[in-house]
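All remarks here apply to the structure that follows.
The values are calculated or read from the model by the stated rules, or taken from the named source; none is laboratory data. Predicted, not measured: the structure shown is a model, and the values here were computed from it. FYI the Cβ positions are ideal-geometry reconstructions off the backbone, even for glycines, and counts take in every protein chain you see. Note: accessible area is taken over every heavy atom of the protein model, side chains too, but ligands, DNA and RNA are not part of it. Shrake-Rupley method; radii C 1.70, N 1.55, O 1.52, S 1.80 Å.
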Amino acid sequence: MSQNQQTVRYPLPYEGPLDPPAEWERLRQQCPVATVELPSGDHATLLTRHEHVRSMLADPRFSRPAVNDDAARVAPEGAGSVAANGSSLTVPDKGEPHQRWRRAVGKWFTAKRMAALRPSMTAIAEQLIDDMVEQGAPGDLKASVGFPLPVYVICDMLGVPAADRDRFSHWSDAFLNLTRFTKEETDAAQIEFIQYMSGHIADKRADPAEDVLSTLIKESEGEGQGLSDEELLATGMALLVAGHETTANMIGKMVSMLLADRTRWERLLADPSLVRNAVEESLRFDANLGFGLRRYLTEDVEVGGEVLPQGTTVICSMPAANRDEDVFDGADEMDLGRTPNPHLTFGAGPHSCLGQALARTELQVVLETLLRRLPTLELAAPIEELERVEGLLVGG
């Protein structure tokens with residue numbers, strides 16, 4: 001960062017609920033490796049160019065900050081969750097232990113498995129949409145479809161009762177908290193969540209079934225094999241949060257983006273084969289993805305001709321990188337026929353999102369079903385009246 005460049009407050013301000021911060025373009029062009037001040041008051045380095053973000057996310061040396069790292073704090077004093085401030089309860093995130101964990105868990109999230117789940121997902125989506133319509137207009141898409149569908153799917157995969165979904169929602173929000181809850185509320189929710197998942201794992205150990213956790217427990221029973229008890233607990237909690245929160249939010253954002261310009265919706269009605277492309281473009285075009293991924297540098301690294309010293313906390317802004325004109329022609333236009341589409345919404349490299357095939361399938365299923373069942377769907381309020389999710393690490 002040049003000496004005459006001022007520190008930027010982060011997160012960056014935005015205009016409308018679906019609009020990107022105007023500052024993204026200036027930073028990419030003039031200061032792609034920028035110093036930012038976080039809500040905590042600590043300083044970090046913000047990356048906004050596609051090549052820099054991809055390089056950092058794909059670098060196996062660097063992963064999210066550990067609880068004992070001297071990383072920049074994200075949340076203000078007295079706020080923030082384990083996801084914001086770090087926790088000792090995490091899955092392995094580097095080297096062979098991380099690859100071992102991905103091999104054990106990743107086989108449950110392959111494209112082949114998701115294809116097998118597609119008919120049941122479609123049946124759930126159709127029932128949820130029918131129930132929403134029956135309640136009359138206007139409908140709450142996120143509450144009626146966006147939230148319950150991924151919850152039903154991930155609960156079935158983990159073997160936990162979907163009837164507890166309201167508790168999962170609260171724990172998930174607390175897990176991803178920046179400023180929404182007090183430290184006492186966040187700590188209490190984490191304790192409840194740990195107790196719940198610990199009890200669930202104990203039940204699965206005593207009475208296994210055909211689900212992810214039962215299989216992981218069975219594989220861990222051999223000496224030196226599988227996951228430790230702590231890893232099982234962290235995995236169950238992480239999958240439950242990641243398996244519904246981001247997708248629930250993305251369903252609402254995707255439909256809002258497609259209905260913001262009616263010609264987009266009409267194009268999909270005329271050519272449903274574009275649904276997969278439309279999902280990818282919605283993931284790229286989303287300006288409200290969330291805080292960004294943090295990386296803590298355990299050694300010096302060069303980015304954009306600038307050496308970032310060991311101990312630097314880096315914020316990788318995937319949505320800013322997804323608007324990089326050097327990679328995406330007409331980056332600020334939503335092109336439903338865009339291909340290829342090398343967006344970074346799911347990250348890159350060894351730490352890329354494990355559940356991306358699940359998220360893609362759920363988004364495709366919801367969009368296909370809405371187009372088929374509700375072709376005249378429209379927003380019940382002007383775009384500018386939509387409210388963003390605030391106070392969490394994820395956007396919605």
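A compact table of results
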| item | result |
| --- | --- |
| Members of the range 209-234 found to be in a helix (DSSP H, G or I) and over 28 Å from Leu128 (Cα atoms), listed by number | Ser214, Thr215, Leu216, Ile217, Lys218, Glu219, Asp229, Glu230, Glu231, Leu232, Leu233, Ala234 |
| Unmet requirement for Leu38, which otherwise passes all of (1) within 22 Å of Asp93 (Cα to Cα); (2) at pLDDT below 95; (3) crowded, with 19+ Cβ neighbours inside 10 Å | (1) |
| Strands (runs of 3 or more DSSP E) lying entirely in the range 261-314 (those with 3 or more residues that are at negative phi and surrounded by 20 or more Cβ atoms within 10 Å (Cβ to Cβ)) | 293-296 |
| Residue list for the range 317-368, filter: within 24 Å of Lys112 (Cα to Cα), in a helix (DSSP H, G or I) and of a type outside the set (A, V, I, L, M, F, W, C) | Gly349, Pro350, His351, Gln356, Arg360, Thr361, Glu362, Gln364, Glu368 |
| Where Glu384 falls short, out of the listed (1) open to solvent by 20 Å² or more (accessible area, probe 1.4 Å); (2) in contact (Cβ under 8 Å) with a residue 12 or more places away in the chain; (3) under 26 Å from Cys31 (Cβ atoms) | (3) |
| Residue match in the range 375-393 (condition: part of a loop (DSSP other than H, G, I, E, B), within 19 Å of Val36 (Cβ to Cβ) and charged (D, E, K, R)) | yes |
| Qualifying positions in the range 211-242 - open to solvent by 50 Å² or more (accessible area, probe 1.4 Å), over 26 Å from the mean Cα position of the chain (by Cα) and free of Cβ contacts under 8 Å to residues at least 40 places away in the same chain | Lys218, Glu221, Glu223, Gly224, Gln225 |
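Residue-wise test of (1) at pLDDT 80 or above; (2) more than 18 Å from the chain's Cα centre (by Cα); (3) open to solvent by 60 Å² or more (accessible area, probe 1.4 Å).
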position	(1), (2), (3)
Asp70	yes, yes, yes
Pro76	no, yes, no
Pro92	no, yes, no
Arg100	yes, yes, yes
Lys107	yes, yes, yes
Ala123	yes, yes, no
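Every residue, every condition in (1) within 30 Å of Thr376 (Cβ to Cβ); (2) open to solvent by less than 20 Å² (accessible area, probe 1.4 Å); (3) free of Cβ contacts under 8 Å to residues at least 60 places away in the same chain, yes or no:
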position: Gln135; (1), (2), (3): yes, no, yes
position: Pro138; (1), (2), (3): yes, no, no
position: Ala143; (1), (2), (3): yes, no, yes
position: Pro148; (1), (2), (3): yes, yes, yes
position: Val151; (1), (2), (3): yes, yes, no
position: Asp156; (1), (2), (3): no, no, yes
position: Pro161; (1), (2), (3): no, no, yes
position: Asp166; (1), (2), (3): no, no, yes
position: Phe175; (1), (2), (3): no, no, no
